[in-house]
Amino acid sequence: MSRSTISTFQLFATFPDEESARQYLEGRLWANGVTCPECKGKERITARKNGYYRCNACKLDFTIRTGTIFERSHVPLHKWVYAMYLVVTSRKGISSLQLSKEIGVTQKSAWFMLQRLREACGTKLEMLKGTVEVDEMFFGGEENNRHMYDHIHKPRERTEKVTVVGMRERGGNTVAKVVEGTGGLALRKAIHENVAAGTRILSDDYASYTALPKEGFPHDSVNHISGEYVRGDVHTNSIESVWAVMKRGMHGVYHHADRKHMGRYVNEFTFRLNQGNVARHTTARLDSFVDAVAGKRLTYRRLTA
């Protein structure tokens, strides 16, 4: 038996049916007792059949699904747990087609499930500090490689690449955000929102980062154009390794992600690097995933709007 992970066989033995999965989710999300998702009360709760509860204070009937990504889903909870297991253990992600085959749902349902799970991955982290590597990446195909239909009928702004700025604290967490454009204001705004003031920033020689010292961030860079990739402890190798995994997942597993959904895909990859890090035991990674599902409900109407 592995000391760092559990097999799918062990997972199925732990969660063989919906009832076992419900008890596990209640134990994680209601660790201090059953809590009403509406008024947050715990005292006047009456248990009913099949996992239903009644809050006598606000007259709400609810289950563990209420107010989470599982709300109004007909997929059994043990299939949700298995889907979370696949997301945290698949280094480059899992496609909706593959998930549909694994758990026995339609591809459309699997796609909706994965988007809900990615919604839960967007957990707000503490500000990065210490030494932080920053770099930007562009996702999307070349304009000349698109079908003629796309050239003629799609607006220009829909065919441009999506810009993602990534920030990785050495020995710590990774944050990546979709930004509009590659201008210095957009990139530095993302840095200010996620990196603590006074933190040392390492980047390449992109001109947009040159104003960082004036904004309270000590800054060093390497000149990739001249062939300089490492100078002492100055390099961006860590954040570029993040892009390497993300690009292989986007191109090899998902193939394409619409601009409006890109932020969720980015959140999925960064979640695996942080709470879902392979250095942690699989059960701990799964626990972190479950802890993040509350208050993250995503409706199909909002998703496809």
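The values are calculated or read from the model by the stated rules, or taken from the named source; none is laboratory data. Just so it is clear, the model here is predicted, and its values are computed rather than measured. Neighbour counts run over all protein chains shown; Cβ positions are idealised from the backbone, glycine included.
Some values worked out for this structure:
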read-out: Check on LEU273, in contact (Cβ under 8 Å) with a residue 40 or more places away in the chain, of a type outside the set (Gly, Ala, Ser), in contact with an Asp or Glu (Cβ under 7 Å, 6 or more places away or on another chain) and under 20 Å from GLU126 (Cα atoms); value: no
read-out: Search result, residues across region 242-257 that are under 14 Å from VAL162 (Cα atoms) and touching a helix residue (DSSP H, G or I) at 6+ places or on another chain (Cβ under 9 Å); value: MET246, MET250, HIS256, ALA257
read-out: Residue list for region 184-208, filter: more than 21 Å from ASN173 (Cα to Cα) and touching a residue at least 40 places away in the same chain (Cβ under 8 Å); value: TYR206
read-out: Candidate set from region 8-43 (those that are polar (S, T, N, Q) and surrounded by 12 or more Cβ atoms within 10 Å (Cβ to Cβ)); member that is farthest from THR283 (Cα to Cα); value: THR35
read-out: Number of positions in region 17-33 that are polar (S, T, N, Q) and either part of a helix (DSSP H, G or I) or not assigned by TED's automatic domain parsing to the domain that holds ILE69 (or both); value: 2
read-out: Tabulated pairs, region 281-305, first assigned by TED's automatic domain parsing to the domain that holds MET113, second of a type in the set (Asp, Glu), C-beta under 8 angstrom, 6+ apart or interchain; value: LYS296/GLU119; ARG297/GLU71; LEU298/GLU119
read-out: Those residues of region 186-210 which are in a loop (DSSP other than H, G, I, E, B) and surrounded by 14 or more Cβ atoms within 10 Å (Cβ to Cβ), in sequence order; value: ALA196, THR199, TYR206
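Per-residue answers, yes or no, for (1) part of a helix (DSSP H, G or I); (2) without any contact (Cβ under 8 Å) to a residue 40 or more places away in the chain; (3) charged (D, E, K, R):
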{"residue": "GLU43", "(1), (2), (3)": "no, yes, yes"}
{"residue": "ASP61", "(1), (2), (3)": "no, yes, yes"}
{"residue": "ARG65", "(1), (2), (3)": "no, yes, yes"}
{"residue": "GLU71", "(1), (2), (3)": "no, no, yes"}
{"residue": "HIS74", "(1), (2), (3)": "no, yes, no"}
